[in-house]
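In what follows, a single structure is set out as structure tokens and then discussed.
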Amino acid sequence: MRVAVLIPVLNEAEALPRVLAELPQGLRVVVCDNGSTDGSTSIARSAGATVVTEPRRGYGGAVQAGIRALTEDPPDVVVILDGDHSCFAEDLPILLAPIRDGRADLVMGERITLGDPAATTPVQRYGNRLATSVMARMTGHQYRDMGPYRAIRWGALLDLGMVDPTWGWNVEMQLKALRSGVRVLEVPVRYRPRIGTSKISGTLSGVVRAGYRILWACWR
């Protein structure tokens, strides 16, 4: 399979070198910069990654910029992971195996089983339970997590017609996947405390904004 890795970043200069160094060799890596001012883009280019920019702030918008960069020569599978070193790049084969074996089209890293409890705040854990409960009521499918580490077939990604430019991106993907008949699988992956301060859980306003966008994505 031809695999492309998208890494949305906003001022992750401290963590990004480790993320890029730990990825398996031979992958197409696109760093989706969302307005960094700390040299994250220079670090990415020095490591051999392609850099695309989306100056309008928003997680989904940054990922969409990366997807657009792949359209002329699309991969078989797109992997999305955070640039803060919370995800284990070494766990990538765990995400790719079900797709390679033909068992799934969208594979999401589930952090509940193997993740370090210290990696998420109580507010994050509550928000995760709330969002997955809302999705279960809407669809009858109980997701365990809505983590950032995920792999999806290129064709399935295009079929979803993703539009959310904010933190509602992951929820939109999970709900649309069920509605569209995309084969979904969650697999346990490791998760650790991020390097640096979270753009969401690091501030009360960030938590409120992210929670609002997630619930809005569910309703929409």
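Can you pull the one-decimal nm distance between simple spin-label points at Ala119 and Arg100, each 7 Å off the Cα toward Cβ?
For Ala119 paired with Arg100, the spin-label model returns 2.1 nm.
Run the quick spin-label model on Ser133 and Glu22: label points 7 Å from Cα toward the beta carbon, then report their separation in nm to one decimal.
3.2
Measuring with a 1.4 Å probe in the full set of protein chains, what accessible area per residue, in whole Å², belongs to the stretch 103-207?
Working: 4960 Å² over 105 residues.
Heavy-atom SASA per residue in the stretch 103-207 reads 47 Å².
Is the shape of the stretch 78-147 rounded, prolate or oblate, going by the alpha carbon gyration tensor and its root eigenvalues a ≥ b ≥ c, with a/c under 1.5 for rounded and a/b larger than b/c for prolate?
Verdict is oblate for the stretch 78-147.
(i) 18.4; (ii) 17.3; (iii) 19.4: which one is Kirkwood radius over Cα pairs in Å as calculated from this entry?
Correct label is (ii).
Considering Cα pairs under 8 angstrom that are at least six residues apart, work out the relative contact order of the chain and quote it in whole percent. Don't skip to the answer; put the middle values down first.
Details: 422 pairs, mean separation 53.1, N = 220.
Worked out over the chain, it gives 24 percent.
Helix-derived [θ] at 222 nm for the chain: sum -39500 (n - 2.57) over DSSP H runs of at least 4, divide by residue count, nearest 500?
-12000 deg cm²/dmol
Write down the percent of antiparallel bridges among all DSSP beta bridges whose residues are both part of the chain, to the nearest 5. Walk me through the numbers on the way to the answer.
Numbers: 8 of 27 bridges.
The antiparallel proportion sits near 30 percent.
Restricting attention to the stretch 1-45, which GluC sites (Glu not before Pro) occupy a DSSP loop and are surrounded by at most 16 other Cβ atoms within 10 Å?
Numbers: sites: Glu12, Glu14, Glu22; in loops: Glu12, Glu14.
Loop-located and lightly packed - Glu14.
Determine, at each q value in 0.15, 0.22, 0.23, 0.25 (inverse angstroms), the log₁₀ of I(q)/I(0) that the Debye formula gives when each Cα of the stretch 1-62 is one equal point scatterer.
Values returned for q = 0.15, 0.22, 0.23, 0.25 Å⁻¹ are -0.40, -0.83, -0.90, -1.04.
From largest accessible area down, sort Leu92, Leu178; use a 1.4 Å probe on the protein chains. Intermediate values should be presented prior to the final figure.
Values: Leu92 5, Leu178 50 Å².
So, going from the largest accessible area down, we get Leu178, Leu92.
How large, in percent, is the carbon and sulfur part of the accessible surface of the chain at a probe radius of 1.4 Å?
Values: 5570 of 10190 Å².
Of the solvent-accessible surface of the chain, carbon and sulfur hold 55 percent.
Specify the residue with the greatest mean-square fluctuation among Asp145, Asp84, Asp116, computed from a Gaussian network of the chain linking alpha-carbon atoms under 10 Å apart.
With Cα springs under 10 Å in the chain, the top fluctuation among Asp145, Asp84, Asp116 is at Asp116.
The values are calculated or read from the model by the stated rules, or taken from the named source; none is laboratory data. None of the values given here were measured: they were computed from a predicted structure. Here the Cβ is made from the backbone with ideal geometry for all residues, glycine too, and neighbour counts use every protein chain on show. All accessible areas refer to the heavy atoms of the entire protein, side chains included, with ligands and DNA or RNA removed. Shrake-Rupley method; radii C 1.70, N 1.55, O 1.52, S 1.80 Å.
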